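Written out below as structure tokens is the structure these notes cover.
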Amino acid sequence: MKLKDKVVLITGGGSGLGREMGLTFAREGAKVGINDIRPESAQNAVTEIERAGGQGARAFVADVSNSAAVKKMFADFLAAYGTIDILINNAGIGRTREGSEMIGTADLPDEDWHRMIATHLDSTFYCTREALKVMIPKKSGRIINLGSIAGTTGLAFASSYCAAKGGIISFTKSVAREVVGHGILVNCIAPGFIETPMTAPIQGPMRDAVIAMTPMGRFGEPREIASAALFLASDDGSFMVGQIVSPNGGYVI
């Protein structure tokens with residue numbers, strides 16, 4: 001097992017990529033804490049891990065875009081596990097509300113901008129800050145941030161999402177340089193279009209266009225992102241730091 005007895009926290013772990021990473025890490029022997037803002041989603045993911053044979057999984061319900069909530073979550077997490085070895089900053093949203101996905105920048109309300117930045121970028125900062133308070137003294141740890149090709153190439157009608165993901169990529173590089181001397185490896189995964197609840201609204205001509213622009217001719221599967229995360233979290237990725245790993249089927253080359 002590649003992660004035997006490692007303690008992992010996955011934000012946004014109740015569905016999509018977070019859920020898949022939780023299952024993958026648990027199969028490799030990790031004790032996985034699942035964070036989600038939705039209690040039912042978090043508990044369902046924990047139950048699924050247990051049914052698959054995973055040990056020590058727990059649910060931690062918190063809004064990670066809120067600094068105080070993150071501090072409380074980490075206090076609860078450390079009370080339960082005693083430490084943290086791996087942090088996966090995965091929490092995210094594709095749109096702030098129904099119909100907001102096609103709003104141009106000129107018409108983008110302040111509240112939509114701030115919610116997108118808070119959910120993605122603020123949460124990554126808040127959780128990383130708390131994790132480093134544990135990882136720096138023990139001189140070891142892995143942090144994996146979830147970016148996106150949107151943060152490297154830009155997508156029309158998605159300026160807030162692209163800004164948030166681009167910020168995560170730059171944040172990753174900065175923190176990686178800052179803490180590598182403490183034995184902490186920080187990296188980023190920037191997926192392309194993956195089959196998740198977040199991309200489920202992409203249908204019809206839009207989906208056809210994405211597939212046409214992807215040389216592999218399909219959306220990615222969550223397991224393909226989970227495998228990349230496992231590589232970065234395990235000893236297999238021991239020489240990776242500050243890198244942007246982008247499984248995207250050739251959408252970006």
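The numbers here are math on the coordinates, done by the rules we state, and not lab data. Please read these numbers as outputs of a predicted model, since none were measured by experiment. Virtual Cβ from ideal backbone geometry, glycine too; neighbours counted across all protein chains shown.
With charges set only on the Cβ (+1 for Lys and Arg, -1 for Asp and Glu), what does the dipole of the range 7-245 come to about its Cα centre, in debye to the nearest 20? Please list the in-between numbers first.
Working: 22 positive and 24 negative charges, 127 e Å.
My answer is approximately 620 debye.
Sequentially through the range 179-192, phi angles give Karplus couplings (6.51, -1.76, 1.60; θ = phi - 60°) of 10, 4, x, 9, x, 10, 9, 10, 9, 9, 10, 10, x, x Hz, Gly and Pro residues having no value and appearing as x.
Residues whose amide H falls under 5 Å from that of ARG95, counting only those 5 or more places apart or on a different chain, are absent, with hydrogens built in the peptide plane.
Note on the chain: with a GNM built from Cα contacts shorter than 10 Å, the maximum mean-square fluctuation among LYS139, LYS173, LYS31 falls on LYS139. In the range 7-245, if the dipole is taken from +1 on Lys/Arg beta carbons and -1 on Asp/Glu beta carbons about the Cα centre, which of GLY22, VAL210, LEU155 is farthest to the positive end? So the residue we want is GLY22.
Report the relative contact order of the chain, percent, no decimals, based on alpha-carbon pairs under 8 angstrom and at least 6 residues apart.
Values: 502 pairs, mean separation 48.0, N = 253.
Relative contact order here is 19 percent.
Give me the Kirkwood hydrodynamic radius of the range 89-231 in Å, from all C-alpha pairs, to one decimal place?
Working: mean 1/r = 0.0613 Å⁻¹.
By the Kirkwood definition, the hydrodynamic radius is 16.3 Å.
Please report how far the C-alpha centroid of the range 73-142 lies from that of the range 209-225, rounded to the nearest whole angstrom. Centre-to-centre (Cα) distance: 26 Å. Using only side-chain charges placed at the Cβ, +1 for Lys and Arg and -1 for Asp and Glu, the dipole size of the range 110-158 relative to its Cα centre rounds to 560 debye.
The alpha-carbon of LYS165 sits under 30 angstrom from the alpha-carbons of these lysines, leaving out residues fewer than 8 places away in its chain: LYS2, LYS6, LYS31, LYS71, LYS72, LYS133, LYS138, LYS139, LYS173.
Multiplying the residue separation of ALA156 and ASN66 by 0.36 nm and removing their Cα-Cα distance gives an extension gain of 29.6 nm. From least to most packed, judged by other beta carbons within 10 angstrom and beginning with the fewest, LEU78, LEU232 follow the order LEU78, LEU232. Springs between Cα atoms under 10 Å define the GNM used for the chain, and in it the highest mean-square fluctuation of VAL32, VAL175, VAL64 occurs at VAL175. Using the Kirkwood radius over Cα pairs, work out the Stokes-Einstein diffusion coefficient for the chain at 10 °C and 1.306 mPa s, in µm²/s as a whole number. Reported coefficient: 88 µm²/s.
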